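See below for the structure under consideration.
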Number of protein chains: 4
Amino acid sequence: MKLEKLRQEVCDANLQLKESGLVLFTWGNVSGYDKNEKLVVIKPSGISYDELTPDLLTIVNLEGEIVEGELNPSTDTPTHLELYKSFPGIGGISHTHSTNATIWSQSCLEIPCYGTTHADFFYGAVPVTRQLTAEEVENDYEKNTGKVIAERFKEIKPLEVPAVLVANHGPFTWGINAAKSVENSIVLEEVAGMALWTKKLMEIDKSIPDYLLDKHYLRKHGSGAYYGQK
Amino acid sequence: MKLEKLRQEVCDANLQLKESGLVLFTWGNVSGYDKNEKLVVIKPSGISYDELTPDLLTIVNLEGEIVEGELNPSTDTPTHLELYKSFPGIGGISHTHSTNATIWSQSCLEIPCYGTTHADFFYGAVPVTRQLTAEEVENDYEKNTGKVIAERFKEIKPLEVPAVLVANHGPFTWGINAAKSVENSIVLEEVAGMALWTKKLMEIDKSIPDYLLDKHYLRKHGSGAYYGQK
Amino acid sequence: MKLEKLRQEVCDANLQLKESGLVLFTWGNVSGYDKNEKLVVIKPSGISYDELTPDLLTIVNLEGEIVEGELNPSTDTPTHLELYKSFPGIGGISHTHSTNATIWSQSCLEIPCYGTTHADFFYGAVPVTRQLTAEEVENDYEKNTGKVIAERFKEIKPLEVPAVLVANHGPFTWGINAAKSVENSIVLEEVAGMALWTKKLMEIDKSIPDYLLDKHYLRKHGSGAYYGQK
Amino acid sequence: MKLEKLRQEVCDANLQLKESGLVLFTWGNVSGYDKNEKLVVIKPSGISYDELTPDLLTIVNLEGEIVEGELNPSTDTPTHLELYKSFPGIGGISHTHSTNATIWSQSCLEIPCYGTTHADFFYGAVPVTRQLTAEEVENDYEKNTGKVIAERFKEIKPLEVPAVLVANHGPFTWGINAAKSVENSIVLEEVAGMALWTKKLMEIDKSIPDYLLDKHYLRKHGSGAYYGQK
């Protein structure tokens, strides 16, 4: 069986997503990417988390062809593939309909950087995509979802803002591996929840000063980071 | 004992409703329908979920007469019967006072289709009934509750929008069997919660485009569905 | 030891209040009343629920004198005593700082009867007291809390609306016994939570029609009730 | 090994903070202070709560030099040190990004004393600091965070209002020891949550009368307190 280590990582990440409480029924999926083989390991569509094991995962290539596995991959697979093709350096992607992040997505509003909790993980607002056109929805909907995400990140570095809100739909997050993408889903949900009430309390969109955003993001990320153990 | 398989299914569905966290005390009930026998298996009134077993369920005919069982059926039985008579093809009904769905019911507002989470399960807004008149409340209240639901669905297909909000009261959901009706109660509660904040964020009722509603509903339902395993 | 059965009931009710999630730390208390002996069994002040046993409860008479027990009774005991003296027929009282009911109390707003969930338990709005005067707070504060509650119920039957919001403070509930008072605390918290969003959705205070309130309250209470088993 | 008893207390307090549900991942830290030795025991940076044991904690002096321990202390250590230097009598400090308290911090709004739940623990509004300047953020950020907190308390007694909201960031709480600082974090989170809806319901900032604040705070604190057992 191919990519046994990645299969295990992606299976673990899917189960962690479920345990985090972000997923009702089967409404979520995590994939992982092997950049050498150019292959994606992803959750099969509509399978319960209770019965998920590493060998049930589906492996597809970047064209979406099944390379190994007897089950259909997640319906959202074409979205994952577009992101792996567009965002060099990412190794895992998560998709959920988690409550708070979905509220912002449905409202077609980006999540402003209201505080340092946000700044610790996302270097600026979490962007929302434009709405897809009727034609983009009717043909290759899931692939076009990936394309509008990539379009939105033309001037944003994906690993500095590892999350997006798809308009009318819900969030995708990513990271250097599957586990990191799940962590970012959990953080996004918490940050999205805080932002709801923050917006109502302030009644105006007032983000934190840029110098504070820089400080918080950069004390955790990059060459000058000093959070945690060396 | 009659309908042993249906008794087991309806008992399981009642217990799942309780485990889902949607029900305080005994504030909920699930029934199942055998279309050949034209009989309804339903939770008895005021019985704790802890002591519920398949043989305690009550069986009534479509006129509401007890066919088997020593306990009174749920007070809401006449509502269930009206729905089975009016909505061909449904095989199970759930009623709860789940927090978010009840908030919309109390507010006498339908839940707009704000996003794809909603569109995956409900093909358009979840409708609210008109308020019952004083006379409808005073005589045959529970039966009239069923009638105003049926009245509201004259131009909606019940299996495409398997949920309703009874004005001032709370939600009923249904499906092809008892388990599906419980699933729809759980989804309705989640969608109703997301819609509260979505409405506040947007401050205007802006549903998703029709072409996106069609795409999401139809990729999960009907002859062209491609979600899940074949 | 006096009133062993009532001690057990009141201990169980205090523990149920804790398990219901309505109480942080020791922020709640339940008492029970023996109308023949005219004695009140109540939780001792500041004792953790983990170590609560029936024999640790304090027994006081209606003048607030300790009749049995080595621990101080709850600081709120004088409030309980005023209610037992003013409301004939009640046999148990609960006090909490449960989140949603406290929000309404702090806001000095009654909870309108927005729906049938409310109507099933409370026959009209859950009233809020007037604010206490500076003098009422400085002298005999807890006793005066009971007096302003009783004042508010001059034209309301306590067993038809078994709950009150003390302005700036929090809820008290009661019932025919200690267990019923806890049930009413749990229902009040749920109803209070639903009412927050209902108020925001409607933006006006619009209660349900009287005929619907009557129907729901009276199908569960009084001589014509038909909910549950005979 | 130094300060074994304090190590145990601080370890226990860190674990209690985690169990309280206030902390996602490693987003929180508790320290304790030995006033005789003038030493601070604090959680190491970025270490999971699952693996935290008393011997892994770091001991620093008031200049921030590591006196004992192989792991970097929490990134927030300079903030803790400023508070121990500025607030005589405190023996423990907690920092979290708990949801509701962070919402108020992000909104740069103090939490008004809306009710007696608040008054039982905080003698007046929970203050918010001014925003740090760009220069204060760029150099000695964590130390300056402590300084703006101390600045805000020039006319407030820290043990009467044992909590602060750092603008754009989140809460710090303290107490006579580490366990008390955790208790204050839990209470602050509950009070902050109640205050969100209270503010929306009232739409004006209306605190409780001073005489009621005095009564509630003083019946639990100071020489005239009469809550709990003697």
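Here are the numbers for the structure shown:
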read-out: Some residue of the stretch D:149-157 being small (Gly, Ala, Ser) and more than 15 Å from the chain's Cα centre (by Cα); value: no
read-out: Residues (in a strand (DSSP E or B) and buried (at least 19 other Cβ atoms within 10 Å of the Cβ)) located in the stretch B:40-69; value: B:40, B:41, B:42, B:44, B:58, B:59, B:60
read-out: Any chance residue D:228 is assigned to a helix (DSSP H, G or I) and at the interface with another protein chain (Cβ under 7 Å from one of its Cβ atoms); value: no
read-out: Filter result (in contact with a strand residue (DSSP E or B) (Cβ under 6 Å, 6 or more places away or on another chain) and on the phi > 0 side of the Ramachandran plot) within the stretch A:29-80; value: A:69
read-out: Tally of residues being open to solvent by 20 Å² or more (accessible area, probe 1.4 Å) and either of a type in the set (A, V, I, L, M) or more than 8 Å from chain D (Cβ to nearest Cβ) (or both) across the stretch C:75-99; value: 5
read-out: Selection from the stretch C:107-122 of residues that are within 7 Å of another protein chain (Cβ to nearest Cβ) and either part of a strand (DSSP E or B) or open to solvent by 10 Å² or more (accessible area, probe 1.4 Å) (or both); value: C:109
read-out: Residues satisfying the stated conditions in the stretch D:123-139, i.e. in a loop (DSSP other than H, G, I, E, B) and farther than 24 Å from residue A:202 by Cβ; value: D:123, D:139
read-out: Top-ranked residue of the stretch A:186-214 - restricted to ones that are of a type in the set (Asp, Glu) and within 16 Å of residue A:126 (Cβ to Cβ), ranked as farthest from the chain's Cα centre (by Cα); value: A:205
read-out: Residue ID - nearest to residue A:137 (Cα to Cα), chosen from residues in the stretch B:195-230 that are open to solvent by 60 Å² or more (accessible area, probe 1.4 Å) and among the basic types (Lys, Arg); value: B:206
read-out: Hey, residue D:182 out of contact with any helix residue (DSSP H, G or I) (no Cβ under 7 Å at 6 or more places or on another chain), closer than 29 Å to residue C:28 by Cβ and of a type in the set (A, V, I, L, M) or not; value: no
read-out: Among residues of the stretch D:159-212, those that are assigned to a helix (DSSP H, G or I), over 13 Å from residue D:22 (Cβ atoms) and more than 10 Å from chain C (Cβ to nearest Cβ), counted; value: 3
read-out: Selection count where residues are under 15 Å from residue B:82 (Cα atoms) and part of a loop (DSSP other than H, G, I, E, B), scope the stretch B:140-158; value: 4
read-out: Flag if residue B:137 is more than 16 Å from the chain's Cα centre (by Cα) and without any contact (Cβ under 8 Å) to a residue 24 or more places away in the chain; value: yes
read-out: Residue in the stretch D:136-150 that is closer than 18 Å to residue D:18 by Cβ and buried (at least 19 other Cβ atoms within 10 Å of the Cβ) present; value: no
read-out: Number of positions in the stretch B:158-182 that are touching a residue at least 60 places away in the same chain (Cβ under 8 Å) and β-branched (Val, Ile, Thr); value: 4
read-out: Subset of the stretch D:1-39 (residues that are hydroxyl-bearing (Ser, Thr, Tyr), open to solvent by 10 Å² or more (accessible area, probe 1.4 Å) and touching a residue at least 40 places away in the same chain (Cβ under 8 Å)); value: D:20, D:33
read-out: Residue satisfying all of: in the stretch B:215-225; more than 8 Å from chain A (Cβ to nearest Cβ) and within 23 Å of the chain's Cα centre (by Cα); farthest from residue A:108 (Cα to Cα) among these; value: B:222
read-out: Hits in the stretch A:79-106 - residues which are in a helix (DSSP H, G or I) and of a type in the set (Val, Ile, Thr); value: A:79, A:99, A:102, A:103
read-out: Condition met for residue D:178 (buried (at least 23 other Cβ atoms within 10 Å of the Cβ), among the hydrophobic types (A, V, I, L, M, F, W, C) and over 19 Å from residue D:128 (Cβ atoms)); value: yes
read-out: Residue in the stretch D:1-20 that is farthest from the other protein chains (Cβ to nearest Cβ), counting only those that are modelled with pLDDT of 95 or more and outside any helix (DSSP H, G or I); value: D:3
read-out: Matching residues, the stretch D:203-230, being in contact (Cβ under 8 Å) with a residue 12 or more places away in the chain and not charged (D, E, K, R); value: D:207, D:208, D:212, D:213, D:216, D:217, D:221
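To keep it simple, each residue is scored yes or no on (1) over 20 Å from residue A:191 (Cβ atoms); (2) without any contact (Cβ under 8 Å) to a residue 40 or more places away in the chain.
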{"position": "A:53", "(1), (2)": "yes, no"}
{"position": "A:61", "(1), (2)": "yes, yes"}
{"position": "A:67", "(1), (2)": "yes, no"}
{"position": "A:87", "(1), (2)": "yes, no"}
{"position": "A:93", "(1), (2)": "no, no"}
{"position": "A:97", "(1), (2)": "no, no"}
{"position": "A:101", "(1), (2)": "no, no"}
{"position": "A:105", "(1), (2)": "no, no"}
{"position": "A:108", "(1), (2)": "no, no"}
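The values are calculated or read from the model by the stated rules, or taken from the named source; none is laboratory data. Just so you know, these numbers come straight off a predicted model, no measurement behind them. Here Cβ is always computed from backbone atoms with ideal geometry, including for glycine, and neighbour counts include all displayed protein chains. Ligands, DNA and RNA are stripped out before the accessible areas are found, and what is left, the full protein with its side chains, is counted by its heavy atoms. Shrake-Rupley method; radii C 1.70, N 1.55, O 1.52, S 1.80 Å.
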